[in-house]
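> Structure in structure tokens, see below.
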Amino acid sequence: MNDITDDITEPESWELRLYVAGQTPKSITAFNNLKKLCEEHLAGKYRIEVIDLLKNPQLAKGDQIFAIPTLVRQLPQPLKKIIGDLSNTERVLVGLDLRPLKEK
Amino acid sequence: MTKEKSNVKSMEGLPKCQTGIRGLDEITDGGLPKGRPSLVCGSAGCGKTLLAMEFLVRGAIQYNEPGVFMSFEESPKELAQNVASLGFDLNDLTARKKMSLDHVRIERSEIEETGEYDLEGLFIRLNHSIDSIGAKRVVLDTIESLYGGLANEGILRAELRRLFRWLKEKGVTAVVTGERGEGTLTRHGLEEYVSDCVILLDNRVEGQITTRRLRVVKYRGSLHGTNEYPFLIDEKGISVLPITSIGLQHDVSNERISSGIPRLDTMLGEKGYYRGSSILISGTAGTGKSSTAASFADAACKRGERCLYFAFEEAPNQIIRNMRSIGIDLEPWIKKGLLEIYAVRPTIYGLEMHLVKMAKLIDEFKPRVVIIDPITNLIAIGSETEVKSMLARLIDFLKAKQITALFTNLSHAGGALEQTEFGISSLMDTWLLLRDIEIGGERNRGLYILKSRGMAHSNQIREFLLTDNGIDLIDVYLGPSGVLTGSARAAVEVQDKISDLMRKEEIELKKRELERQRKAIEGQIAVLRAEFEGKEEEENMLTQKEKLQEETDIEARKEMAHIRKADVSTGNEPTKKGRRNIK
């Protein structure tokens, strides 16, 4: 497991999982996009876990992964899934319910 | 027989993967293409999932080929429950690593798409499942659900194409199910990707009766049946029974079997029906068709043969009770397992279903005699041509197995008695007609043989009696006033006896009279004879008298000559003289 953790425990903590299959261009793009987005909007209160399904194929079942790359928002509830390389920042923010957060 | 052939063929050509589903391997000439994906499509509720599941379960149990079931619709728990009624224990199979169930749940509301992606996750999951149990078979049910969950069709199409190619490379035999679209085989054109073998399932409703049908639309590189075949889903899974008219190639038996009614056997050339022939008994209501059928069943069981009785009108218990009243006890045969009564209302299935069901029961029970009582009710659920085609196929099916079949047919009163509604008489080898004969205010039953192929049969009518000891046939009264039966026959027979007696007396009387006359004449003859004898005597006396007179005359003349001293030789003298004179 390639764990990259920037974990700061705050009242609101974000747990994100990024499923990839090897170091494909799409996966790398997705990871970079995610990282950038998190730094901008969730600085200091997120944790990203990258799961490479080529190494741990059995993990795909649990989170119902079928597309690669897939970002899963484990916390806060409810569970959200975003598939694709996360290049459309707008859509990712909607998908993660981050918009209202920014306005706070 | 066809099976062996197909195995040889499939060995030479395309490698096949046996499904183990009854009949399907026959139609596909050995099974699905090995190591390739096949498409099973059809509308909702036509049995796609079940077919796919049975393919996996049979593979795991019968052919030792583990399988992966990837479901996009139902959860493993639901699947296990659904097929438990068919006796498939999925939990046990999964525990034994014979099967792996994976539920891919795609919830559109939970998913947001941004940018490029692929379905590698699905590949990885599938690959993992396949490798973990060494699967040889894979089912994707229904992969089209992806279209509902994902917005980017371009990616989806490319990925599905890649998936099928990948499945081929993996060497697994896959069944992919697809929902039927309008005008196309599948809603999203899956048939474009899966082009080796396409099977279409159908569930049609005609006259409120549904019939499931299966058709192999395409099978690249292999022979296959092209027709629509009806199939059944029952407690043993799917059975497709390819019953088509094979033609008239079946073997013919010379063996004769009893009809159960001794005098009927006599009418049928002394020996009864031919083994493997088809017999039709027509008649109006209450003429004893079922009783004749039951007699035949009873006779078959007595010979130790199995008999399968399809009852479309009565419940088994009712048949048993009714037949007991005429001295035919069928119950022991049922207990012995020689007789099976299968009672069902005709309207419960379509015709094809009936045919499939019957063929299935016949295959399982292996009877030598089959009774269908009556076929008339089948017409309620099909058109004339359909019924005829169904019966033709049924008869061919039975003949190929050398099973003797007896059909009863209720003809409508008022119509021509010889008329069978479906024109099926030409399919029958022996045709008996039971009819009412109505004379003198009572109805009696009469039996004729309208035809019986290949035997010298009686052309006479017999009166048909249902007695406490079964069926009896007796001669009808054939007199100057026509055919008489029942009490009319009895009455006429009594009358006949009386007039017979009277005639005898009359003759006796006449004989005595003649005797008397003869005696009188004899008396007269005696008198005449006496008279005759008297006359004769008289004549004799006269002759004697004359002779005496003559003698006396000669004596007297001699005497006189002597007295006159004439020549001794008186008489001759003058003649001598005369002769001399001539000289």
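The values are calculated or read from the model by the stated rules, or taken from the named source; none is laboratory data. Since the model is a prediction, treat every value here as computed from it, not as a measurement. So basically every Cβ, Gly included, is an ideal-geometry build from the backbone, and we count neighbours across all protein chains shown. Note: accessible area is taken over every heavy atom of the protein model, side chains too, but ligands, DNA and RNA are not part of it. Shrake-Rupley method; radii C 1.70, N 1.55, O 1.52, S 1.80 Å.
> For each pair in B:K16/B:K401; B:K302/B:K451; A:K55/A:K80; B:K302/B:K336, compute the distance between the two Cα atoms and list the pairs where it is over 18 Å.
Too far apart for the 18 Å limit: B:K16/B:K401; B:K302/B:K451; A:K55/A:K80.
> With a cut-off of 8 Å between alpha carbons and a minimum separation of six or more residues, what is the relative contact order of chain B in percent?
Computed value for chain B: 12 percent relative contact order.
> How many percent of all Cα-Cα pairs in region B:122-231 sit more than 16 Å apart?
The proportion of pairs with Cα distances above 16 Å equals 66 percent.
> Where the eigenvalues come from the Cα gyration tensor of region B:194-234, what are the semi-axes √(5λ) of the equivalent ellipsoid, largest first, in whole Å?
For region B:194-234, the ellipsoid semi-axes come out as 24, 9, 8 Å.
> In nm, to one decimal, how far is the B:E73 label point from the B:E438 one, both placed 7 Å along Cα→Cβ?
5.8
> Hey, what number do you get for chain B at 222 nm if only DSSP H runs of n ≥ 4 count, each worth -39500 (n - 2.57), divided across all residues, to the nearest 500?
The helix contribution divided over chain B gives -13500 deg cm²/dmol.
> Return the value, in Å² to the nearest 100, of accessible area buried between chains B and A (probe 1.4 Å, both sides summed).
The summed interface area works out to 2200 Å².
> Average the reciprocal distances over every distinct pair of alpha-carbons in region A:2-103, invert the result, and give the Kirkwood radius in Å.
13.6
> When 1/r is averaged over all different Cα pairs and the result inverted, which Kirkwood radius in Å belongs to region B:484-524?
About 12.3 Å, per the Kirkwood formula over Cα pairs.
> Would you pull out the residues with amide H under 5 Å of A:L75's amide H, same chain only if 5 or more places away, H placed 1.01 Å from N?
Amide H neighbours of A:L75: A:E15.
> Separate question: Where the accessible area of chain B is counted over protein heavy atoms with a 1.4 Å probe, how much of it, in %, is carbon and sulfur?
Within chain B, the accessible surface is 50 percent carbon and sulfur.
> Taking the radius of gyration and the Kirkwood hydrodynamic radius from Cα positions alone, what is the Rg/Rh ratio for region B:1-157, to two decimal places?
1.00
> Further question: Would you calculate the convex hull of the Cα atoms in chain B and tell me its volume per residue in Å³?
So the per-residue Cα hull volume is 339 Å³.
> What order, most packed first, do the peptides B:526-535, B:158-167 have when packing is the mean number of other Cβ atoms within 10 Å of each residue?
B:158-167, B:526-535
> Further question on the same structure: Could you tell me the center-to-center distance, by alpha carbons, between region B:103-134 and region B:200-218 in angstrom?
Spelled out, the Cα-based centre of one part sits 33 Å from the other.
> Additional query: Could you tell me the calculated FRET efficiency between B:K97 and B:S253, based on Cβ-Cβ distance and R0 = 56 angstrom, to the nearest 0.05?
About 0.60, to the nearest 0.05.
> Can you work out the accessible area per residue across region B:256-475, with the rest of the protein chains kept in place, probe 1.4 Å, in square angstrom?
Counting only protein heavy atoms, the per-residue value for region B:256-475 is 38 Å².
> I'd like the antiparallel share, as a percent to the nearest 5, of DSSP beta bridges with both residues in region B:1-152.
15
> Please list, in chain and number order, the residues 5+ apart from B:Y349 or on another chain whose amide H is under 5 Å from its amide H, with Hs placed from the backbone.
none
> If you don't mind, there's one more thing I want to ask. So, R0 is 51 Å and r is the distance between the beta-carbons of B:L548 and B:R512; what FRET efficiency does that work out to, to 0.05?
Calculated transfer efficiency: 0.40.
> Then there's this: In terms of Cα to Cα distance under 18 Å, which lysines are near enough to B:K236, apart from those fewer than 8 places away along the same chain?
Correct list for B:K236: B:K48, B:K357, B:K360, B:K366.
> Let me ask another. Calculate the tail of P(r) for region B:256-475: the fraction of all Cα-Cα distances greater than 23 Å, expressed in %.
Pairs farther apart than 23 Å: 42 percent.
> Heavy atoms only, 1.4 Å probe, whole protein assembly: order B:M428, B:M455 by accessible area, highest first.
If we order B:M428, B:M455 from most to least accessible, we get B:M455, B:M428.
> Say each of B:S487 and B:E533 gets a label point 7 Å from the Cα, pointing the same way as Cα to Cβ; how far apart are those two points in nm?
The answer from the label model is 7.0 nm.
> Compute the relative contact order of region A:2-103 as a whole-number percentage, counting only Cα pairs closer than 8 Å that sit 6 or more residues apart in sequence.
Answer for region A:2-103 is 36 percent.
> Turning to a different aspect of this structure: Taking the alpha-carbon distance from A:K45 and a cut-off under 16 Å, which lysines remain once sequence neighbours fewer than 8 residues away in the same chain are dropped?
Of all the lysines, those that pass the test against A:K45 - Cα under 16 Å, at least 8 places apart if same chain - are A:K35, A:K36, A:K102, A:K104.
> Take the Cβ-Cβ distance between B:Q495 and B:D363 as r, set R0 to 60 Å, and report the resulting FRET efficiency rounded to the nearest 0.05.
0.55
> Given a 1.4 Å probe, how much area per residue of region A:2-103 is accessible, in Å²?
Computed with neighbouring chains in place, this is 47 Å² per residue.
> For region A:48-67, which residues drop by 10 square angstrom or more in accessible area between the chain on its own and all protein chains together (1.4 Å probe)?
Output list: A:L53, A:L54, A:P57, A:Q58, A:A60, A:K61, A:Q64, A:I65, A:F66, A:A67.
> I'd like the accessible area for B:K388: 1.4 Å probe, protein heavy atoms, all chains in place, Å² to the nearest 10.
Solvent-accessible area, nearest 10 Å²: 80 Å².
> Okay, moving on. Taking all pairs of different Cα atoms in the protein assembly as shown, averaging 1/r and flipping that mean, what Kirkwood radius in angstroms comes out?
Evaluated over the protein assembly as shown, this radius sits at 33.9 Å.
> Please work out the Cα center distance from region B:140-166 to region A:32-104, rounded to the nearest Å.
Answer, in whole Å: 23.
> Does a label point 7 Å from the Cα of B:S132, set along Cα-to-beta-carbon, have any residues of region A:36-60 with amide nitrogen under 13 Å, and which are they?
The answer is A:56-60.
> Consider just the alpha-carbon atoms of region B:72-162 and return their Rg together with their Dmax, both in angstrom.
15.0, 46
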